[in-house]
Amino acid sequence: MTFDPRPAVVAIDMGYGHLRAAHALADSLGVQVLHVDRAPLADAREQERWARSRAFYETISRGSQVPILGRPLRAVLDALTAIPHLYPYRDLSAPDLAIRALRRMIDRGLGAGLVEELRRSGRPLLTTFYAPALIADHAGLERIDCVVTDTDIHRIWAPIAPRRSKIRYLVPSQRAMRRLRVYGVPPAQIVVTGFPLPPTLLGGPDLAGLRARLRERLVRLDPTGSFRAMYRDELRLFLGSVPEGRSEPPLLTFAVGGAGAQADMVELFLPRMRPAIEAGRLRLALVAGVRKPVAEAFHEQIRRAGLAGHAGVRVLQADSVPAYFTAFNALLAETDILYTKPSELSFFAALGIPLVCARPVGHHERLNRRFLLEAGAGFKQWDPRHTAQWIDEWLLDGTLAAGAWSGFMRLPKTGTYRILELLGYTVDGDGRARSPGA
């Protein structure tokens, strides 16, 4: 048997957030993403248990977005994702019902396949979901790194006895660090790294690719040139020469989450967006992820709006999650405005892409939205029916250009590389990880 010193990157198919972070790290490490809820880490019985949990979450998530009738489900989702007020600082280390329930499941064998594989291979664990970290920690394994994927988190991320835990948490925000401290995790086991963004969108540790795309994006987001004129010296200092004049129309990307929540919003904004698209003032991409029915619904809405076959509208849908991430990252490279719920995609505003926040799904997403608003990198949506009008207004007055600049300047961009370095790797100029001595 050949020993593989590289970490086992483990996630779960519970929305895109955990998988998106895992794939960014796995791509740099040159390993595959393992799923705690699939073979070879989970047998048939365990897969069924995870599948029931996923089906419950997706049903609640999608149902909570239904007007009026979805209010009871929205209340259930908020209760499940509730995070207590952080202030005043106080001891929140006492285990709640959620972590006690998870612990009972672990005691009954949940994650046994993961533990067996880690012991057999001797590989350290790098996970973007709390359950694998808690399972490995309970089994007495020591080399455990847990990547947090929200700006603030529920008590379930920390073990029942956090002060005795060996888990090292790699967190995307200062608030997540403070939260883990009040949950009882020792400060020495928390490192603020930033969210692991896709290496293909960064262009290496010097962020050459990111800077080049931002230079072009600011031209499209600043049709009057007023923002570039006002911040000329700052732009030149951090980005080099920024083109003058006008460019092609900006690309607005609307993306639904892994559960397919908020797909119905397209029916609200697309009909009134038609004049802007036909006049060449705006381009639109609709992202359905891996959900073919959502993509079919998008195509139907495009047909009803009279835009079938128009070059200014496209739909992105893939047959697998890895293929979707590859296609979506390529789309983000040319995206100028990202319109989505404030999920893990909130962190992508660090790429200099202003994020328009649709209604949050769950308490953690409300806190993600606050993170964006406080950084000046995100904006609350106005009436979705009139999206074309308020987007046009934000373009003309420089609001979106300012949001792109704030995201680039204020949000952490190098989380992927910082995590690799903490794992003991060096990073090449192209962003690939090299183990010590390689």
Restricting the stretch 382-405 to residues that are free of Cβ contacts under 8 Å to residues at least 60 places away in the same chain and open to solvent by less than 30 Å² (accessible area, probe 1.4 Å), which is nearest to the chain's Cα centre (by Cα)? 403
For the stretch 268-285, name all the residues that are closer than 18 Å to residue 250 by Cα, free of Cβ contacts under 8 Å to residues at least 40 places away in the same chain and open to solvent by 20 Å² or more (accessible area, probe 1.4 Å). 274, 278, 279, 280, 283
Tell me which of these residue 191 doesn't satisfy, since it passes every other one: (1) of a type outside the set (Asp, Glu); (2) assigned to a strand (DSSP E or B); (3) crowded, with 18+ Cβ neighbours inside 10 Å. (3)
Taking interchain pairs and intrachain pairs at least six residues apart, which have beta carbon atoms under 7 angstrom, with the first residue in the stretch 144-166 and open to solvent by 30 Å² or more (accessible area, probe 1.4 Å) and the second modelled with pLDDT of 95 or more? 163/184; 163/186; 166/137; 166/144
Scanning the stretch 10-25 for residues that are part of a loop (DSSP other than H, G, I, E, B) and open to solvent by 10 Å² or more (accessible area, probe 1.4 Å), the one farthest from residue 42 (Cα to Cα) turns out to be 15
Exactly one of these conditions fails for residue 295: (1) in contact with a Lys or Arg (Cβ under 8 Å, 6 or more places away or on another chain); (2) part of a helix (DSSP H, G or I). Give me its number. (1)
Quick one: residue 232 ticks every box in (1) within 20 Å of residue 350 (Cβ to Cβ); (2) open to solvent by 10 Å² or more (accessible area, probe 1.4 Å); (3) without any contact (Cβ under 8 Å) to a residue 40 or more places away in the chain except a single one, so which number is it? (1)
When you go through 314, 366, 274, 370 one by one, which is the residue that is farther than 29 Å from residue 406 by Cα and outside any loop (DSSP other than H, G, I, E, B)? 274
Selection over the stretch 221-271 where residues are assigned to a helix (DSSP H, G or I), among the aromatic types (Phe, Trp, Tyr) and under 21 Å from residue 340 (Cβ atoms) yields a count of 1
Please specify each residue of the stretch 152-176 satisfying the condition of being in a helix (DSSP H, G or I) and among the β-branched types (Val, Ile, Thr). 156
Can you go through 288, 308, 330 and tell me which one is outside any helix (DSSP H, G or I), surrounded by fewer than 18 Cβ atoms within 10 Å (Cβ to Cβ) and small (Gly, Ala, Ser)? 308
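The values are calculated or read from the model by the stated rules, or taken from the named source; none is laboratory data. Here the structure is a predicted model, which is why all the values come from computation and not from measurement. Cβ: placed from backbone, ideal geometry, glycine included. Neighbour counts: every protein chain shown. Note: accessible area is taken over every heavy atom of the protein model, side chains too, but ligands, DNA and RNA are not part of it. Shrake-Rupley method; radii C 1.70, N 1.55, O 1.52, S 1.80 Å.
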